[in-house]
1. Answer yes or no: is there a residue in region 217-238 that is over 27 Å from HIS314 (Cα atoms) and under 16 Å from the mean Cα position of the chain (by Cα).
2. For region 139-156, give me each residue that is buried (at least 21 other Cβ atoms within 10 Å of the Cβ) and under 11 Å from LEU182 (Cβ atoms).
3. Anything in region 3-51 that is closer than 25 Å to GLU115 by Cβ, part of a helix (DSSP H, G or I) and either within 28 Å of the chain's Cα centre (by Cα) or among the hydrophobic types (A, V, I, L, M, F, W, C) (or both)? List them, or say none.
4. Are there any pairs with C-beta distances below 6 angstrom linking a residue in region 179-190 that is in contact (Cβ under 8 Å) with a residue 24 or more places away in the chain and under 8 Å from ASP214 (Cα atoms) to a residue that is of a type in the set (Val, Ile, Thr) and open to solvent by less than 20 Å² (accessible area, probe 1.4 Å), with the two at least 6 apart or on different chains, and if so which?
5. Evaluate region 111-121: report whether one residue or more is β-branched (Val, Ile, Thr), open to solvent by less than 60 Å² (accessible area, probe 1.4 Å), assigned to a strand (DSSP E or B) and modelled with pLDDT of 85 or more.
6. Please work out which one of (1) under 20 Å from the mean Cα position of the chain (by Cα); (2) surrounded by 14 or more Cβ atoms within 10 Å (Cβ to Cβ); (3) among the hydrophobic types (A, V, I, L, M, F, W, C) is the condition ALA136 fails and give its number.
7. Could you pull out the residue among GLU101, GLU92, GLU61 that is acidic (Asp, Glu) and either open to solvent by less than 40 Å² (accessible area, probe 1.4 Å) or at pLDDT 90 or above (or both)?
8. Filtering region 122-168 down to residues that are touching a Cys at 6+ places or on another chain (Cβ under 9 Å) and part of a strand (DSSP E or B), which residue is farthest from LEU94 (Cα to Cα)?
Amino acid sequence: HELYVSASVGISLYPQDGQNAGILLQNADAAMYKANHEGRRNFQFSTADMTELAVERVLMETQLHRALEREQFVVYYQSQMDLLSGRLVGLEALVRWQHPELGLLLPTKFIPLAEDTGLIMPLGKWVLQTACRQIAAWHKADLYPGRIAVNLTGNQLKSDKVISTIAQILEEAGCQPDWLELEITESVIMEQHGRSFNILQQLKDRGIELAIDDFGTGYSSLAHLKRLPVSRLKIDRSFVRDIPQDASNKAIARAVIAMGKSMGLRVIAEGVEKNEQRAFLAAERCDEIQGYICGPPLPAGQMTERLSKRSGLHLPQT
C-alpha cells in the first residue's frame, strides 16, 4: 500500500514567544491547532492572539467540565408551526449555558469545544433526558405541544450504545417514542454512510421520528437520501435569511421543498423571521416553519405558561 503523509506545523520562537520550554511548547501547540484549523498541510507562527485564544480555550474547557456538575445548562424550547393551519406542531429543544460570569451563552460558543473534548456525549445525553422528561410532564398535565425535536450529534451517532441509551432515557422519562423527533445534520449522516443508515432505521422501527437538519449544506446524493428512514427535511437558515431578495436562496428553498414533496417528506424551514419569508414559503407549499416569527426560544417555565394559556399556539396574522 502506498501512503501519503502530510504535516501541520506550529512554530514558537525564543524569547518573544516564551522564556522556558513549557511555554514555548504550549504556544507552538496553539499555532499547530491554528494550522489544522486553516486546512492542514501548512505552518503557522505563534502570535499573541493565538496565545490568548489558547488560554481562553483551556479556561472554557475547565469551566465546561464544571458546568455539567453544577447544573449550569438549561434547555429552551422554540415553537414549530404548520404553515397551512398556523397551529403549533412541535418544539425544538435548544441548550443554553448559564455561565456564572458571561451570562447566557448560545450553543455556537461551547458546542464545538464540547465536541473536541468529548464532553458532547454527556451534554447530549443530558439534553435528551431533560427534553424527554419535560414533554412527558406536559402530557401528564394535559398540555400537548406536539413532537419535541432534539439534535443528535455525530459523536452520539457513532456510539455503540446509542440505541440502548435512547431507549433507557425514554423509559425512565415516561416519554412515548412518537413524541420524540431526533434531528441529525446532513453532513453527519453523509460522514457515516452505512452505519448511520442502520442506526436510523433501528430508531425509526422503535417509533421515533427522524429529521435531516441543515439540509442543503451536506452534499448528500439522491441515492443516499431516498434510503434514509426520515420523515422531515429541515431547510438550513442560511438559505432562508435573504429570502425573497436573494434569487439563489429562493431557488434552493424552492428545490428542497419540491424534492421533499416528491419523496413524501414534510419540509420545515428554520430561521423564519419576516412576513416576506413566510409568504414565499407558503406560496411554495412548505409545510412548517420555525423562527422568531413563531416566537423566541423560551425556558420550560415560560413555555408551560404559554401552553396552559393556549397563547402563542398559532401564527400571528399577516
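The values are calculated or read from the model by the stated rules, or taken from the named source; none is laboratory data. What you see is a predicted model; the values in this text were computed from it and never measured. Cβ coordinates were reconstructed from backbone atoms using ideal geometry, including for glycine residues, and neighbour counts include every protein chain displayed. Heavy atoms of the whole protein, side chains included, go into the accessibility calculation; ligands, DNA and RNA do not. Shrake-Rupley method; radii C 1.70, N 1.55, O 1.52, S 1.80 Å.
1. There is at least one residue in region 217-238 that is over 27 Å from HIS314 (Cα atoms) and under 16 Å from the mean Cα position of the chain (by Cα).
2. If the condition is that a residue be buried (at least 21 other Cβ atoms within 10 Å of the Cβ) and under 11 Å from LEU182 (Cβ atoms), then ILE148, ALA149, VAL150, ASN151, LEU152, GLN156 are the ones that fit.
3. LEU25, ALA28, ALA30, ALA31, MET32, TYR33, LYS34, ALA35, ASN36, HIS37, MET50
4. If the second residue must be of a type in the set (Val, Ile, Thr) and open to solvent by less than 20 Å² (accessible area, probe 1.4 Å), the pairs left are GLU186/ILE212.
5. no
6. The one condition ALA136 does not meet is (1).
7. Answer to the selection: GLU92.
8. ILE148
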